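Okay, so here's the structure we're looking at.
A short reminder: the numbers here are calculations on the coordinates, not readings from a lab. These figures come from a predicted structure and were not determined experimentally. Here Cβ is always computed from backbone atoms with ideal geometry, including for glycine, and neighbour counts include all displayed protein chains.
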2 protein chains.
Amino acid sequence: MKKTLQFYQDIFIKRFESINFIKSPEELYQPIDYALKAGGKRLRPVLTLMICDFYGNNMEDAINPAIAIETFHNFTLVHDDIMDDAPIRRGRPTVYSKYGTNIGILSGDTMFTKAYEFVTLTREDKLPAVLKVFTKTAMEVCEGQQLDMNFEKMTEVSMAEYMHMILLKTAVLMGACMKIGAILGNATQEECDAIYQFGEHTGMVFQLQDDLLDTFGDEQTFGKRIGGDIIDSKKTYLYVNTMSKLSDAERMEFQKLYNNKTIAETEKINKVKEVFINSNVISDCKSEMHKHHELAMAALNKSNLNAEQKAVLQEFAESMLVRGF
Amino acid sequence: MKKTLQFYQDIFIKRFESINFIKSPEELYQPIDYALKAGGKRLRPVLTLMICDFYGNNMEDAINPAIAIETFHNFTLVHDDIMDDAPIRRGRPTVYSKYGTNIGILSGDTMFTKAYEFVTLTREDKLPAVLKVFTKTAMEVCEGQQLDMNFEKMTEVSMAEYMHMILLKTAVLMGACMKIGAILGNATQEECDAIYQFGEHTGMVFQLQDDLLDTFGDEQTFGKRIGGDIIDSKKTYLYVNTMSKLSDAERMEFQKLYNNKTIAETEKINKVKEVFINSNVISDCKSEMHKHHELAMAALNKSNLNAEQKAVLQEFAESMLVRGF
């Protein structure tokens with residue numbers, strides 16, 4: 001039987017949903033349970049399980065590290081939502097807006113600790129290596145969030161700065177979850193590095209597609225309001241790319257529109273979209289995505305996974321290029 | 001030469017002060033450096049070094065775990081100060097009041113990650129044990145902070161609840177820093193447990209003395225404003241003990257005074273102090289401290305440390321009973 005992503009997703013979600021996160025004091029653990037039981041694709045931990053199983057046929061060894069990764073990822077969302085003043089996530093109030101900022105901070109801290117608790121359950125011979133990748137990645141994700149916050153105050157952000165930010169904030173965790181899977185599956189150092197590259201480039205594709213969907217996606221399919229980045233004047237790929245192409249005069253005008261907080265939302269979204277489209281931003285973003293997709297495939301082909309396994313990963317990578325949600 | 005606490009303190013502070021925490025992005029790491037270079041006694045990591053050296057004569061193995069403990073402790077202060085709205089710590093603006101709440105949250109998260117980075121540098125044969133104690137303790141400290149926040153909203157807090165809160169919020173970290181020292185010094189499981197008990201009970205003494213000093217300390221020696229807990233209506237040992245002794249009518253009246261936000265500060269402090277003194281709270285607190293001191297000494301005597309080493313630890317424990325700062 002060919003083991004697809006779905007196969008591992010079913011296993012992970014069943015295991016993860018069965019964990020009882022609630023203990024005393026409930027004021028602390030109830031919000032954690034709320035944050036962790038919000039559903040979602042659980043993409044990162046599923047990839048950890050799958051890669052471990054591909055290399056070592058020992059998926060069970062990857063369960064706790066996979067739970068650690070999912071818990072860590074959700075911790076970052078809880079704290080990011082405070083920093084970004086975001087009231088809604090996945091159609092529900094965010095933790096801090098439901099329980100208050102203090103609880104948001106502290107239950108986030110506790111989730112981060114909980115993530116390490118699951119790392120601690122890694123089999124001992126793999127623990128040092130897993131811990132190292134996990135901690136390095138956590139540090140990079142924090143740095144990425146800081147860069148993203150810095151962008152809010154900067155008038156101009158270069159494309160290199162933007163790509164570096166999404167690398168840290170989003171892509172490295174995709175690399176890390178796959179690398180941790182490879183480590184646990186007893187892959188060689190070269191294999192681990194190749195699979196990390198595959199994950200990282202796939203993560204870049206994921207984030208660029210996210211930027212596209214936020215403006216050009218279908219509200220029903222995407223599951224969140226279209227145009228949020230434009231309303232919030234976020235410096236996305238679309239914005240940075242467009243800015244780099246405009247004349248000085250056009251740039252001034254576009255900047256004014258993009259930072260306008262008084263204009264009607266729909267009007268702002270439509271006007272900005274028009275500038276994006278005229279700047280050919282969709283096609284640029286797609287070609288940037290394809291560049292990273294090619295790099296991901298090159299890394300995958302350096303690995304010694306078998307043809308069937310490579311096909312599953314290729315299918316996954318391709319789905320990142322075209323996903324609508 | 002007899003190795004005193006001061007001996008290890010000099011070594012640790014020299015090592016710790018020489019670390020350069022600043023890297024890019026500076027907006028993230030500057031506040032971390034600010035938080036970590038605030039001075040202080042560095043009691044917890046110094047104890048880690050000392051206990052490791054006492055057992056195994058291999059202090060160098062304890063340096064990175066000790067730095068991890070100090071970094072973790074300071075992370076908790078950065079986040080606690082946000083949750084407690086505390087503008088000043090050690091005579092300087094707190095991180096969030098100097099750099100803003102978002103930076104306070106994120107640089108705190110990064111300090112927590114940094115703490116784990118130092119844990120990761122533990123020698124590999126001791127890593128699993130150290131990681132386990134460290135993570136368990138971090139979890140308990142979060143729970144203690146939550147209980148402390150819960151107390152703000154509770155009208156009555158029992159003495160048992162109060163003691164449980166300070167155990168988690170303060171004492172377990174004192175136990176953990178010593179136990180980690182013992183683990184690194186190759187002590188047996190029984191020794192590690194005995195030294196943990198010693199540390200935990202000493203931590204209880206430390207916190208109870210802190211409660212006393214906040215109200216009855218000398219402003220010059222203590223280094224912070226006297227009466228802060230009273231002004232903030234904090235549920236301390238003094239408050240909980242007093243409440244348990246008053247008649248129903250007196251309790252109503254005292255509660256009203258303690259929660260009064262409009263009365264002049266000096267008047268409130270003096271009036272509350274008078275009730276404390278009449279309730280014999282100082283002597284009760286001292287006898288509670290002595291109870292924990294006795295338990296600490298009993299645990300110490302179960303250990304196989306030599307007479308000179310025990311004398312150094314006894315001197316340390318006794319200093320916690322009488323410290324003025």
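Per residue, the convex hull around the alpha carbon atoms of region A:1-43 comes to 50 Å³.
Calculate the translational D of region A:52-148 in whole µm² s⁻¹ from Stokes-Einstein, where the hydrodynamic radius comes from the Kirkwood formula applied to all Cα pairs, the temperature is 37 °C and the viscosity 0.692 mPa s. Could the numbers behind the result be given before it?
On the way: Rh = 14.5 Å.
The diffusion coefficient I find is 226 µm²/s.
Between the amide H of A:R89 and those of A:T94, distances stay under 5 Å, these residues lying 5 or more places away or on another chain, with hydrogens modeled in the peptide plane. Counting from the shortest, the label point at B:I19, 7 Å from Cα toward Cβ, is 2.8 nm from the same position in each remaining copy. Each residue of region B:296-301 was assigned a 3J(HN,Hα) from its phi angle through the Karplus curve 6.51 cos²θ - 1.76 cosθ + 1.60 (θ = phi - 60°); the sequence is 4, 5, 4, 5, 4, 6 Hz, with glycine and proline shown as x. Here the label points at A:I277 and A:Q189, each 7 Å from Cα along the C-beta direction, are separated by 5.3 nm in the simple model. Using alpha carbons only, how many angstrom separate the centre of region B:108-126 from the centre of region B:35-63? About 15 Å separates the Cα centre of region B:108-126 from the one of region B:35-63.
Would you please classify the overall shape of chain B from the alpha carbon gyration tensor, given that a ≥ b ≥ c denote the square roots of the eigenvalues, rounded means a/c under 1.5, and beyond that prolate means a/b larger than b/c while oblate covers the rest? Here chain B falls in the oblate category. Highest mean first, the peptides A:284-294, A:154-164, B:177-187 sorted by other C-beta atoms within 10 Å per residue fall in the order B:177-187, A:284-294, A:154-164.
The distance between label points at B:K224 and A:N304 comes to 5.8 nm (points 7 Å beyond Cα on the Cα→Cβ vector). At q = 0.12, 0.17, 0.22 Å⁻¹, what log₁₀ I(q)/I(0) does region A:1-124 have when each alpha carbon counts as one equal point scatterer in the Debye sum? For region A:1-124 at q = 0.12, 0.17, 0.22 Å⁻¹, log10 I(q)/I(0) is -0.46, -0.84, -1.23. For A:E318 and A:K261, a Förster radius of 30 Å and the Cβ-Cβ distance give a FRET efficiency of 0.15, rounded to the nearest 0.05.
Residues considered: B:A296, B:A86, B:A35. Largest GNM mean-square fluctuation over chain B, using C-alpha springs under 10 Å, is found at B:A86. Taking a ≥ b ≥ c as the square roots of the Cα gyration tensor eigenvalues, with a/c under 1.5 meaning rounded and otherwise prolate when a/b beats b/c, else oblate, which class fits region B:87-139? Cα axes put region B:87-139 in the prolate bin. Rounded to 0.05, the FRET efficiency of the B:D232 and A:N20 pair, given R0 = 35 Å and the Cβ-Cβ distance, is 0.50.
Evaluate peptide A:83-94: per residue, the Cβ atoms of other protein chains within 10 Å of its Cβ; return the mean as an integer. Let's see the in-between values first.
Details: counts 6, 1, 1, 0, 0, 0, 0, 0, 0, 0, 0, 0.
Neighbouring Cβ atoms belonging to other protein chains average 1 per residue here.
Over region A:182-325, all Cα pairs binned in 10 Å intervals from 0 give whole-percent P(r) values of 11, 34, 26, 17, 9, 2, listed from short to long.
The long axis of helix B:307-322 is offset from the longest Cα principal axis of chain B by roughly 20 degrees. Shown for B:D125: label points 7 Å from Cα along the beta-carbon vector, and their distances to the equivalent points in the other copies, 1.8 nm in ascending order. What is the angle, in °, between the Cα long axis of helix B:127-153 and the longest principal axis of the Cα atoms in chain B? Nearest 10 is fine, range 0 to 90. For B:127-153 against chain B, the angle is about 10 degrees.
Over region A:244-325, the fraction of Cα-Cα pairs per 5 Å bin, rounded to whole percents and listed from the shortest bin up, is 3, 12, 16, 14, 12, 10, 9, 8, 7, 5, 2, 0. Classify region A:140-184 as rounded, prolate or oblate, taking a ≥ b ≥ c as the square roots of the eigenvalues of its Cα gyration tensor: rounded when a/c is under 1.5, otherwise prolate if a/b is larger than b/c and oblate if not. Verdict is prolate for region A:140-184.
With q set to 0.15, 0.16 Å⁻¹, the log10 of I(q)/I(0) for region B:93-204, from the Debye formula over equal scatterers at the Cα positions, is -0.80, -0.87.
Please give the FRET efficiency for A:K136 paired with B:D248, using the beta carbon to beta carbon distance and R0 = 60 Å, rounded to the nearest 0.05. Provide the component values of the computation, followed by the final result.
Values: r = 59 Å, r/R0 = 0.98.
The pair A:K136/B:D248 has a calculated efficiency of 0.55.
Ratio of Rg to Rh for the protein assembly as shown: 1.01 [Cα atoms; Kirkwood radius as inverse mean 1/r over pairs]. Sequentially through region B:287-295, phi angles give Karplus couplings (6.51, -1.76, 1.60; θ = phi - 60°) of 6, 5, 4, 5, 4, 5, 4, 4, 5 Hz, Gly and Pro residues having no value and appearing as x. Put in order of Cβ neighbour count within 10 Å, fewest first, the listed residues B:E315, B:E200 become B:E315, B:E200. Under the convention that each Lys and Arg Cβ holds +1 and each Asp and Glu Cβ holds -1, the size of the dipole of the protein assembly as shown around its Cα centre is about 60 debye. Between the helical axis of B:101-120 and the dominant principal axis of chain B, each derived from Cα atoms, what acute angle in degrees is found, rounded to the nearest 10? That helix lies at roughly 40 degrees to the long axis. For B:K98, the lysines whose Cα falls under 24 Å of its own Cα, not counting residues fewer than eight places away in the same chain, are A:K153, B:K23, B:K37, B:K41, B:K114, B:K224.
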